[in-house]
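In what follows, a single structure is set out as structure tokens and then discussed.
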Amino acid sequence: MILLLAVVAGLLFLALKVWLQPAALTSPHLRGQWLVPAAALLQTLVLLPFTANTSLGRVALPVSLGLLLAFAGRNIGQRGFWLIGIGMALNLLAITANGGLMPISPETASGLYPHMAPPDWQTGVQLVGTKDILLPAAQTHLLWLTDRFLITFDPWLPFRTAFSLGDVLLALGIVQWLGSLAKALPERKHLNVIINQAG
Amino acid sequence: MKRQIQSATLLLAKVEPKHIRLALAISTLALLALVGGAPASNGCC
């Protein structure tokens, strides 16, 4: 859910660009859009109670990320898609290196749920309602690509979230792509020169 | 009520394929934001 903030930020960025300079909205043509809802459907297997923590769920997440990478690849010519692709590739690396789910350490999990101390967590199981598996840092491969960054909004909001480097790149790519939808219009004086030259 | 339906119809008549394409592209990226990342949260809010 936190990554939806990137969409909101991108739309604000887009609105600001259109407001500050003479610009028009472009109509983007994304290729292979069906890959995204297909990946979303597949990911329900990761989150549903009766498939979470099963081998089916652990296969579904890497495969769905593979579909999303294919989508990023098909649109790599558009601004922001390099960042989106690299972000998702880093997440896919961390997930496949750790058995099909994104690792989170008991220390970071305790940052999400402060009433639970790190030793209280049962490692090796999926954190309910997430794509994360609880793994001690010592047993985690590619530790720097896992969900190890924590944001809290204390004391204003009780919301807490842990995210990875890949999530940050994905968010930046989305903001960049949304910002690129504003295409600058030529200034009036330049337009006059063009019209005069044409005349 | 009739007047509101008329103005809604007029508004819809102004919708062009490029507007639909733009809305669809932004929705796709929003869905990508939801499923492309792997953040975890405490489920609050």
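Do we find a residue being within 12 Å of chain B (Cβ to nearest Cβ), part of a helix (DSSP H, G or I) and on the phi < 0 side of the Ramachandran plot anywhere in the range A:12-30? Spell out the reasoning first.
Restricting attention to the range A:12-30, the residues satisfying the condition of being within 12 Å of chain B (Cβ to nearest Cβ) are A:14, A:24-30.
Imposing the further condition that a residue be part of a helix (DSSP H, G or I) reduces the set to A:14.
Restricting the remaining residues to those that are on the phi < 0 side of the Ramachandran plot gives A:14.
Checked against the condition, which is being within 12 Å of chain B (Cβ to nearest Cβ), part of a helix (DSSP H, G or I) and on the phi < 0 side of the Ramachandran plot, the range A:12-30 yields at least one hit.
For a quick check of your reading: which helices (runs of 4 or more DSSP H) sit entirely within the range A:34-114 and have at least 2 residues that are over 28 Å from A:Leu157 (Cβ atoms) and in contact with a Gly (Cβ under 9 Å, 6 or more places away or on another chain)? Walk me through how you get there before you give the answer.
Values: elements: A:35-47, A:55-74, A:81-97, A:106-112.
It comes to A:35-47, A:55-74, A:81-97.
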Only one of these is surrounded by 10 or more Cβ atoms within 10 Å (Cβ to Cβ) and out of contact with any helix residue (DSSP H, G or I) (no Cβ under 7 Å at 6 or more places or on another chain): B:Lys18, B:Lys2. Name it. B:Lys18
Any residue in the range A:138-158 that is closer than 12 Å to A:Pro103 by Cβ, away from every other protein chain (no Cβ under 14 Å), touching a Leu at 6+ places or on another chain (Cβ under 9 Å) and of a type in the set (Gly, Ala, Ser)? no
Do we have B:Ala30 as part of a helix (DSSP H, G or I), surrounded by fewer than 11 Cβ atoms within 10 Å (Cβ to Cβ) and either within 7 Å of chain A (Cβ to nearest Cβ) or without any contact (Cβ under 8 Å) to a residue 24 or more places away in the chain (or both) here? no
Answer yes if at least one residue in the range A:86-93 is of a type in the set (Gly, Ala, Ser), under 25 Å from A:Val59 (Cβ atoms) and in contact with an Asp or Glu (Cβ under 8 Å, 6 or more places away or on another chain), and no otherwise. yes
The range A:103-119 residues that are without any contact (Cβ under 8 Å) to a residue 24 or more places away in the chain, paired with ones that are part of a helix (DSSP H, G or I) and of a type in the set (Gly, Ala, Ser) (beta carbon under 9 Å, 6 or more apart): A:Met116/A:Ala109; A:Met116/A:Ser110; A:Ala117/A:Ser110; A:Pro118/A:Ala109; A:Pro118/A:Ser110
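Bear in mind these aren't lab numbers, they're just calculated from the coordinates by the rules spelled out. Remember, predicted model here, so these are calculated numbers, not experimental data. Cβ atoms come from the backbone with ideal geometry, glycine included; neighbour counts cover every protein chain shown.
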